[in-house]
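The values are calculated or read from the model by the stated rules, or taken from the named source; none is laboratory data. Keep in mind that this is a model prediction, so the values were computed, not measured. Backbone-built Cβ (ideal geometry, glycine too); neighbour counts: all protein chains shown. With ligands, DNA and RNA removed, areas are computed over all heavy atoms of the protein, side chains included. Shrake-Rupley method; radii C 1.70, N 1.55, O 1.52, S 1.80 Å.
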Amino acid sequence: MRRLRRPVLAATLIALASPCFAEPSAPIPVNNPPAPQTSYIDLLALMSGHCKTLKVAGRTFACKTVAYAHGDKGRVNFAVAVDDPSDENHVVSFSGENGKRADDNSYELPIDRMLLNSKNRPKVDGLPVPAEQTSTGLCRQTGNFAAKKVNDVTCSATDSEGRSYELLFISDGTPVSVRRIRQSSPSIQDPFK
């Protein structure tokens, strides 16, 4: 079950992404050893809309779907299914811990790593396992999952090799699909609760 957590998310994102024209991808080299998979996804929120901006290591791509995945140990990923005609497994995730709400309609997540998935990654149970690249940055989300409405998600990060990643995702107004997969303790810092 542990090994299936991220690949299942990636497969879900790939199934929801619609193809469009974009630059073909090339693997991004990473210099960090893979971290052991020790947590489970307990909450998954799928958002429908489009990426006004998606830059991966300086290259521009398109996307359709963004997902918020919360792990039972507090790690959060904003995973982006990349519309990449040359790689159906291309998923990029902004990942961090200790997210904070400024109010009921805004959330900030400090980014400490990028998760990079492609057809060139090693596979576990037939699905590619993402490479982790140490990074610094921030994601901001407006809207909230309880109301099933997210307006946008913006992320900006730079990895330890100096490569930059940017996301500006705009919702199309479709209600967010929120799935609680298992019960866990909240990890968000919320001064309003």
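For region 97-137, the candidate set comprises residues that are under 13 Å from Arg75 (Cα atoms) and of a type in the set (Lys, Arg); within that set, the residue that is modelled with the highest pLDDT is Arg113. Candidates Asp152, Asp159: the one that is modelled with pLDDT of 95 or more, within 19 Å of Gly99 (Cβ to Cβ) and not polar (S, T, N, Q) is Asp152. Looking only at residues of region 49-74 that are outside any strand (DSSP E or B) and over 25 Å from Val178 (Cβ atoms), we find that the one that is modelled with the highest pLDDT is Phe61. When the strands (runs of 3 or more DSSP E) confined to region 75-171 are screened for residues that are open to solvent by less than 20 Å² (accessible area, probe 1.4 Å), those reaching at least 1 such residues are found at 76-83, 91-96, 106-117, 131-144, 149-159, 164-171.
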